[in-house]
Every structure is written in C-alpha cells, then in structure tokens.
Amino acid sequence: MRVNPDVEIACSLAAQEARRRHHDLLTVEHLLFALLHDGTAVRILGHVGANIERLKQRVDDVLERELPKLPDDSPAAPSPSRGFQRVLQRAALHVESSGKQELLTQDILVAIFSEVDSLAAALLDEARVRRLDVVSYLSHGTGSASPAGAETQGPDGNADAEVQDPAAEALQRFAVNLNERAARGELEPLVGR
C-alpha cells in the first residue's frame, strides 16, 4: 500500500504544529488541524455542511487551551499519542481491507470519527459533521445538504461558484425527466389507464 504525499504532508504539518506549540504529544487534534489545511479534506467537509473557518478556530482554541505544554526551552520532539497511532492504523487497515492501493487524506478523516474519546471527534460532532455524511459523499457524491443559506466552501475556504454533484450529473446524462417532457407537450396522454 502506498501512502499519498498529501497524507505525509498532513502528518508532517501536525508534527510541526505540535512542536511549535510546545506540546509533548502529537494528538488526533493536531491531525485534524492539519487536515483542515488540506484541499481534499476541506472540500469534503465543506460539502457536508461544515463551516471550515469556524472549525479551524475551534481546533486552534483546543490546541492552545486544552493540551498541556512543555517549557519553552524544552527541545524534545512530540511523540505520537495512542489515539494518533490508532487513527493512522485504522485508516491503513480500511484501505487494505477495501482493496485500495493508496492511503488518502479522506481515509484519515473518516478514521478520526472512530476515535470517539478524542476532542477532534467532539469538534467534528459540534460542527454537525457526521461520519455517515462523509462516507456517503465519498462513496456516492451525496451527503447532507449544507444548511439553508450556507455556501459550500472550496479548498481555499472561499465559496465555490461551481460545486459538482456527481449524482445530479449522472441523472442528467442517463435519465429522461418525464415531467419536463410532459410540460412541453411531448408525451401522449394516456386515457383510460
């Protein structure tokens, strides 16, 4: 199994963030923070209705206030927490068992939901991001719609003018809308049936 370079970048960013904040452990929260800077993960979370900027701010607050810090002069590198290791192992096992050849950031994102005792999973729940919605979007291009009036955000955090919906595109390509044809008078009326 290959590891996608984006996964390596996310893990590296998580480690750098833990080092920068003088944390002794590399946690699932650091990993979620890194994924919130990954284009694929941001697109997925935006599609299922997450407010990316607010979620980034909440994760930043947790990293700043909830995790213990080492003294500023401590040169120790953070070690991965058990939760961090379980998320990566769970994602890798899922990739292997599904017959895929590459571990992607989306696999890591889905694996975070199974770490139920982590603050990262609680923050996703607070943002009303559900595992089922993420998995549905990844599998079928569907998920819960964005809240009324909310814009779907693109990889850069800005509103995306064109959001592609694979299910709608397939429906347009392979199906005939009989209601539209009837409105245009293209169908024969059925009498007595």
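In a Debye calculation with equal point scatterers on the alpha-carbon sites of segment 1-154 and no solvent, what is log10 I(q)/I(0) at q = 0.11, 0.20 Å⁻¹? Relative scattering, expressed as log10 I(q)/I(0), comes to -0.41, -1.29. Here's how it looks for Leu26: its modeled amide H is under 5 Å from those of Ser79, Ser81, which are all 5 or more places away or on a different chain. What's the whole-number percent of alpha carbon pairs in segment 73-130 lying beyond 17 angstrom? In whole percent, the long-distance tail amounts to 47.
For segment 39-105, the Kirkwood estimate of the hydrodynamic radius, built from every pair of different alpha carbons, is 15.1 Å. Mean sequence separation of contacting Cα pairs (under 8 Å, at least six apart), scaled by the length of segment 16-80, corresponds to a relative contact order of 56 percent. The Cβ shell under 10 Å around Leu109 holds other residues with a net charge of -1, Lys and Arg each +1, Asp and Glu each -1. In sequence order, segment 105-120 has phi-based couplings of 4, 5, 5, 5, 4, 5, 5, 4, 4, 7, 8, 5, 8, 8, 5, 4 Hz under the Karplus curve 6.51 cos²θ - 1.76 cosθ + 1.60, θ = phi - 60°, and Gly or Pro positions carry x.
The numbers here are math on the coordinates, done by the rules we state, and not lab data. Bear in mind the structure is a predicted one, so any value in this text is a computation, not a measurement. In this analysis, Cβ positions are derived from the backbone assuming ideal geometry, glycine residues included, and neighbour counts consider all displayed protein chains.
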